[in-house]
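The values are calculated or read from the model by the stated rules, or taken from the named source; none is laboratory data. Because the structure is predicted, anything quoted here is derived from the model rather than measured. Every residue, glycine as well, gets a Cβ built from its backbone with ideal geometry; the counts of neighbours run over all protein chains shown. With ligands, DNA and RNA removed, areas are computed over all heavy atoms of the protein, side chains included. Shrake-Rupley method; radii C 1.70, N 1.55, O 1.52, S 1.80 Å.
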Amino acid sequence: EDKVIILTGHAGDGKSTVALDVFKHLHGYAPNQPLQHKLKEREVMRAGNREISIVKDMSELSAEDRLKWLDDAFGKPGSWLIISNTGPLLNSLSDFVKNHGIADVAWVENEVLKKLDTPYKEADLTTHTLRLGDTTKPLVILNMTRLNNVDSGAKVLEKILLHPGWSECQGCDVEDSCPLRKNRQALQQRDVVDRVRWVYQRLTAYEQRLTLRHIVAHLAYSVTGGL
């Protein structure tokens, strides 16, 4: 079934990374394989007999261009994955239904806000799906701010500490006195990763949610000390 999927969230939540992963998957690239070019404003590809479009960041487009992409997304065959910040998403969808007269604008805004507040449960898209009109494709809205980044952050720390690049420290002139290497050794001690996880869990419980970009910055600084 053709559908329009909109991925939204705060800057740093990883929306663009998900779009890149989907792009690589559809082209059969390995997840860690670098691309030969940056993602275009809109990438069009085929999966079987279906055309699939990826718009890497609708927030960077003008209001006129955002409406054009929505017209194409809902009016032409194929499925779309659209990345957007929350403000432009609300404004563009409101303008779209107003222009086409397919639904009450206030109702659409209210329903979109409900979807934005819906926690994601793996593989269940029912509660995230909305129809803007009887003839339009299903619209799926996934808000990445509703994801818990705590476990992902702890995994990032493990990946930093186990990265194969650390093997280059062996035989280095400052191997025994290097602060980066000492920080890594300290962080590898038992239970440190669990303690880091609990720090972020506590912050989240007090509604101080951090994006994955924030967490990676914290962890990188904890290893490098700003060097």
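Miscellaneous remarks
- Acute angle (nearest 10 degrees) that the helix 63-75 long axis makes with the longest principal axis of the chain, alpha-carbon atoms: 70 degrees
- Three-way shape label, segment 115-221, alpha-carbon gyration tensor, a/c 1.5: prolate
- Hz values of 3J(HN,Hα) by residue in segment 150-161 - Karplus curve (6.51, -1.76, 1.60), Gly and Pro given as x: 4, 5, 5, x, 5, 5, 4, 4, 4, 5, 4, 6
- Axis angle, to the nearest 10 degrees, between helix 105-116 and the longest C-alpha principal axis of the chain: 30 degrees.
- Segment 27-66: C-alpha gyration tensor shape, a/c 1.5 cut-off, then a/b vs b/c: oblate
- Most mobile of Ser53, Ser94, Ser167 in a GNM of the chain (Cα contacts under 10 Å): Ser167
- Helix 192-205 axis, angle to the chain major axis (alpha carbon atoms, nearest 10°): 40 degrees
- For segment 142-224, applying the loop criterion from DSSP together with a ceiling of 10 other beta carbons within 10 Å to the chymotrypsin sites (Phe, Trp or Tyr not before Pro) yields Tyr206.
- Sparsely packed GluC sites (Glu not before Pro) within segment 36-125, loop by DSSP, other Cβ within 10 Å at most 10: Glu122
- Other residues within the sphere of radius under 14 Å centred on the Cβ of Gly225, judged by their own Cβ, net out at +3 (K and R +1, D and E -1).
- Across all Cα pairs in segment 40-119, the calculated P(r) in 10 Å bins from zero up to the longest distance comes to 17, 47, 31, 5 percent per bin.
- Of the residues Ala217, Asn143, Gly165, the one whose Cα sits farthest towards the positive end of the charge dipole of the chain is Gly165 (charges of +1 on Lys and Arg Cβ, -1 on Asp and Glu Cβ, taken about the Cα centre).
- Split the accessible area of the chain by element, probe 1.4 Å, and carbon with sulfur accounts for 52%.
- Computed over protein heavy atoms with a 1.4 Å probe, the accessible surface of the chain works out to 60 Å² per residue.
- Charge dipole (segment 34-99, unit charges on Cβ, about Cα centre) - positive-most of Asn49, Gly78, Leu39: Asn49
- Each Lys and Arg Cβ is given +1 and each Asp and Glu Cβ -1; about its Cα centre, the chain then shows a dipole of about 320 debye.
- Of all DSSP beta bridges in the chain, antiparallel share, percent nearest 5: 40 percent
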